[in-house]
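Enquirer: Just passing along the structure, written as structure tokens.
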């Protein structure tokens, strides 16, 4: 503290007026900067961040874990005691320095909750079926729809053609009578005109 007063009095003695407080602050920052920087490096080397975790990462993991006692809810959606314990465990594992993958593996281990605790099934082994089958079903449904539409289009034109030729054969005598009547009217109009 005594050295600080000496520096302040020397600066105030040489620089008077408005710039003296600014110069004191600049000297203080320059004097303290190496200490601050070195203490941050020492803190990082000593593992000072071992207990820290990213809350956004923890919340993301909470959305990936299903609550074992609540149907169709993740642990971030429910307030049952087990979900609260699981959320606390997620944060504890993250503060130990574990990654998202390691935390999910810890919860889905067979001796704890098993793979059913994951909101999204793993993309390997037997669970690969859960990823493949929906895609195959969608593709098969689209292909079936296209084939059905093609068959309906082809069959529809053949049926229409057959019906029109049969109807034309049945209507032929009536059409001839209409033509005859029209021909008579046309001839009468010519003679009258």
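The values are calculated or read from the model by the stated rules, or taken from the named source; none is laboratory data. Here the structure is a predicted model, which means the values were calculated and not measured. As a convention, Cβ positions derive from the backbone with ideal geometry for all residues, glycine included, and neighbour counts pool all protein chains shown.
Enquirer: Taking only the range 74-90 into account, find how many residues are surrounded by fewer than 16 Cβ atoms within 10 Å (Cβ to Cβ) and part of a helix (DSSP H, G or I).
Expert: 5
Enquirer: Now for a different question. Among (1) surrounded by 15 or more Cβ atoms within 10 Å (Cβ to Cβ); (2) assigned to a loop (DSSP other than H, G, I, E, B), there is one condition residue 71 misses while meeting the rest; what is its number?
Expert: Single failed check for residue 71: (1).
Enquirer: Could you tell me whether residue 101 is outside any loop (DSSP other than H, G, I, E, B), modelled with pLDDT of 85 or more and surrounded by fewer than 11 Cβ atoms within 10 Å (Cβ to Cβ)?
Expert: Working: outside any loop (DSSP other than H, G, I, E, B): yes; modelled with pLDDT of 85 or more: yes; surrounded by fewer than 11 Cβ atoms within 10 Å (Cβ to Cβ): yes.
Against the criterion (outside any loop (DSSP other than H, G, I, E, B), modelled with pLDDT of 85 or more and surrounded by fewer than 11 Cβ atoms within 10 Å (Cβ to Cβ)), residue 101 qualifies.
Enquirer: If you don't mind, another one. Mind checking which pairs have a first residue in the range 116-142 that is closer than 18 Å to residue 63 by Cα and a second that is part of a loop (DSSP other than H, G, I, E, B) and at pLDDT 80 or above, Cβ under 6 Å, 6 or more apart or different chains?
Expert: As it stands, the answer is 117/108; 118/108; 119/64, since those pairs meet every condition given.
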